[in-house]
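Participant: I'd like to ask you about the structure that follows.
The values are calculated or read from the model by the stated rules, or taken from the named source; none is laboratory data. A quick note: this is a predicted structure, and the numbers were derived from the prediction, not measured. Here the Cβ is made from the backbone with ideal geometry for all residues, glycine too, and neighbour counts use every protein chain on show.
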Ligand SMILES: NC(=O)c1ccc[n+]([C@@H]2O[C@H](COP(=O)([O-])OP(=O)(O)OC[C@H]3O[C@@H](n4cnc5c(N)ncnc54)[C@H](O)[C@@H]3O)[C@@H](O)[C@H]2O)c1
């Protein structure tokens, strides 16, 4: 068997190096491609490394089975799909090889020389180097169009961030293929231009440097600085602890030394890092449960410096042009798991951020204050952080919502960016149609951001919030150009509601839990058009049960009801492109939502409400039945008003609190249940 998608076929994956990270990269591929019959082969020159790698993968899969993440049989199959060998001949038919051996130029050259001789002439060659530019790693290769860096992050099977770094000779089509492939197998890849260390490691390593320098200055001890920076940046563990866990001191020492000449002169290995590497010991960080004391002055002294360094480094990367605001925000958030920098600057004020960076640069020779930061501060405006992306393919615009951490939930930024992008598309005479989709494969849009809803305290605020959302969806609905919604995963609440504002909907085939309006579980009614568009699209009778019960339906059911036009196997965007073309050419006609009143059957079916709030249900019924007698426009206004009324109920408060604590499934103990 093989995995054929996005125009390429992969029959086998080869991983070179069975050290810290190689087996984890292999495991991720096996988890995602073993069901397609794609074996994964790990090659190393040291048998003991292969044995350790195999044992680690086996134990990770055994734990995943224990936790119920995989069924026992599946977990065993994933592990058995991996081979650990010293024989390079075993990758002779690999279509994709990733090297994760020593961070040494000569070693990497030798390995790729062997791969070039052994593998098919079309095989993709990638290095998981932490720093080295693809031009350096692949300079001796005959065909560099198939070569690039793919930089994973610890732990590689779980951390979703990936840097894809093409070299100057890499075929751009290959980079695009890999961006799609990785998104399809659960990663969040960012494309980074070639430069030493790429976009993320200079921050990771620079944070250790900045923290170590506060210790060298006598402002805090290692223990104190570690916990202060952990708190200041919202990290899972402090920078010293992170280096202990990943055994990363030598590589960071090397990275910082090189970055001195290759990025900016501030980068250097601090003396305490040199000493620690010499000692070969981990940092002395707090023991589990140990409380580390420090004064407010100590906190402030460390905070100001490390945050100044952090924000300054991120702006330097953006200024260099190797990455951008949206990707750096995502990378820090999901890859390094730090408070994302641009949101942090917006919160404290960009002017204050600039002050911190300038103060840091004054105290630390060689630290650059990026012009982009000065310019942004001078506008007195917050940074615009993109979460919705537009890419034009010919005369079709592909619009993608990307918030992987919250499964592409809609918040005010998403809504405003959608408004801006679709308004531009409307005005753009080159564009004939659009596709709306979400990032990844789990969700199209998981719903409205609960934080946004919870912040609407009064009926007036809640109603105004709805009307604003309606106005964005109306732009899509009345674009005058077809918009096909490519539902790449589940669509709950606002997700289903925005999809219904599109001209047509197609979805990845076989989604058991696909579409739902879970709002009553949270103590309110759908407020982004669900009570009006769903009955108009599939008829009141069917909408009645979906809306009132809160129960989700599968993609097959959605297709049967006419809520979506097609279930798609394979490349969803390609299928959506075909749909736009078919609609434009008049080959298909998708029934549009009736804008006027719709008939109400004399008798509607009983719906089992279980533990749902009767009070909210009566408001919901009113929105559906009264709305059906009106025009869509009036109905939407009515929905917004009733959505506002929900916030006067005790059940909304209970439902939201319950959701924040327990998620959407648990009985909310409504007063009116
Ligand atoms: N460890 C991490 O978290 C991490 C993260 C991102 C990138 N990286 C990069 O990934 C690479 C590997 O890192 P690591 O931490 O796993 O290193 P490691 O030293 O733990 O393992 C490297 C492995 O490569 C093997 N090897 C050496 N020469 C070989 C050859 N010619 N053929 C086959 N195998 C060979 C070694 O025997 C060893 O088992 C490095 O370039 C590193 O910078 C590591």
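Participant: For region 297-326, enumerate the residues that are assigned to a helix (DSSP H, G or I) and out of contact with any helix residue (DSSP H, G or I) (no Cβ under 9 Å at 6 or more places or on another chain).
Facilitator: 297, 300, 320
Participant: Do we find a residue being under 21 Å from residue 487 (Cβ atoms) and assigned to a loop (DSSP other than H, G, I, E, B) anywhere in region 360-383?
Facilitator: Checked region 360-383: no residue is under 21 Å from residue 487 (Cβ atoms) and assigned to a loop (DSSP other than H, G, I, E, B).
Participant: If I ask for residues that are part of a helix (DSSP H, G or I), within 16 Å of the ligand (Cβ to nearest atom) and crowded, with 19+ Cβ neighbours inside 10 Å, which ones from region 55-83 would you list?
Facilitator: Correct list: 57, 60.
Participant: Shifting gears a bit: Collect the residues in region 6-20 that are near the ligand (Cβ under 9 Å from one of its atoms) and touching a strand residue (DSSP E or B) at 6+ places or on another chain (Cβ under 9 Å), keeping them in residue-number order.
Facilitator: 16, 17, 18
Participant: What strands (runs of 3 or more DSSP E) lie completely within region 86-186 and have 1 or more residues being in contact (Cβ under 8 Å) with a residue 60 or more places away in the chain and either more than 14 Å from the ligand (Cβ to nearest atom) or within 30 Å of residue 391 (Cβ to Cβ) (or both)?
Facilitator: Where strands (runs of 3 or more DSSP E) fall fully within region 86-186 and carry at least 1 residues being in contact (Cβ under 8 Å) with a residue 60 or more places away in the chain and either more than 14 Å from the ligand (Cβ to nearest atom) or within 30 Å of residue 391 (Cβ to Cβ) (or both), they are 96-99, 147-152, 161-166.
Participant: Taking region 512-527 as the search range and keeping residues that are buried (at least 24 other Cβ atoms within 10 Å of the Cβ) and touching a strand residue (DSSP E or B) at 6+ places or on another chain (Cβ under 7 Å), which one is nearest to residue 656 (Cα to Cα)?
Facilitator: 515
Participant: May I pose another question? Hey, among 353, 359, which residue is over 31 Å from the mean Cα position of the chain (by Cα), touching a residue at least 24 places away in the same chain (Cβ under 8 Å) and under 23 Å from residue 378 (Cα atoms)?
Facilitator: Checking each option against the conditions leaves just 359.
Participant: Here's something else I'd like to know. Would you mention how many residues in region 460-482 are more than 13 Å from residue 418 (Cα to Cα) and in contact with a strand residue (DSSP E or B) (Cβ under 8 Å, 6 or more places away or on another chain)?
Facilitator: So the answer is 2.
Participant: Checking residue 332 against (1) within 24 Å of residue 160 (Cβ to Cβ); (2) outside any helix (DSSP H, G or I): exactly one of these is not met. Which one?
Facilitator: (2)
Participant: Next question. Could you say which residue among 547, 584 is touching a helix residue (DSSP H, G or I) at 6+ places or on another chain (Cβ under 7 Å) and either assigned to a strand (DSSP E or B) or at pLDDT 95 or above (or both)?
Facilitator: Result of the check over 547, 584: 547.
Participant: Now, a different point. Output the residue which, of all residues in region 21-54 that are assigned to a strand (DSSP E or B) and more than 10 Å from the ligand (Cβ to nearest atom), is nearest to residue 81 (Cα to Cα).
Facilitator: That would be 40.
Participant: A follow-up question, please. Looking at residue 657, is it within 17 Å of residue 527 (Cα to Cα), without any contact (Cβ under 8 Å) to a residue 60 or more places away in the chain and surrounded by fewer than 19 Cβ atoms within 10 Å (Cβ to Cβ)?
Facilitator: No; evaluated as a whole, the condition is false for this residue.
Participant: On to the next question. Please go through region 166-180 and give me each residue that is more than 11 Å from residue 194 (Cβ to Cβ) and surrounded by 20 or more Cβ atoms within 10 Å (Cβ to Cβ), ordered by number.
Facilitator: 178
Participant: Within region 431-455, can you find the residues that are out of contact with any strand residue (DSSP E or B) (no Cβ under 7 Å at 6 or more places or on another chain), under 15 Å from residue 660 (Cα atoms) and in contact (Cβ under 8 Å) with a residue 40 or more places away in the chain?
Facilitator: Correct list: 450, 451, 452, 453, 454.
Participant: Spot the failing condition for residue 3; the list is (1) within 27 Å of the chain's Cα centre (by Cα); (2) surrounded by 21 or more Cβ atoms within 10 Å (Cβ to Cβ); (3) within 12 Å of the ligand (Cβ to nearest atom), and only one is missed.
Facilitator: (3)
Participant: Given the condition in a helix (DSSP H, G or I), modelled with pLDDT of 95 or more, within 15 Å of the ligand (Cβ to nearest atom) and surrounded by 19 or more Cβ atoms within 10 Å (Cβ to Cβ), answer yes or no: does some residue in region 256-268 qualify?
Facilitator: Within region 256-268, one or more residues are in a helix (DSSP H, G or I), modelled with pLDDT of 95 or more, within 15 Å of the ligand (Cβ to nearest atom) and surrounded by 19 or more Cβ atoms within 10 Å (Cβ to Cβ).
Participant: May I pose another question? Check whether at least one residue in region 404-411 is in a helix (DSSP H, G or I), touching a strand residue (DSSP E or B) at 6+ places or on another chain (Cβ under 7 Å) and under 28 Å from residue 335 (Cα atoms), and report yes or no.
Facilitator: yes
Participant: Within region 362-376, can you find the residues that are in contact (Cβ under 8 Å) with a residue 60 or more places away in the chain and over 28 Å from the mean Cα position of the chain (by Cα)?
Facilitator: Answer for region 362-376, where residues must be in contact (Cβ under 8 Å) with a residue 60 or more places away in the chain and over 28 Å from the mean Cα position of the chain (by Cα): 364, 365, 366, 367, 368.
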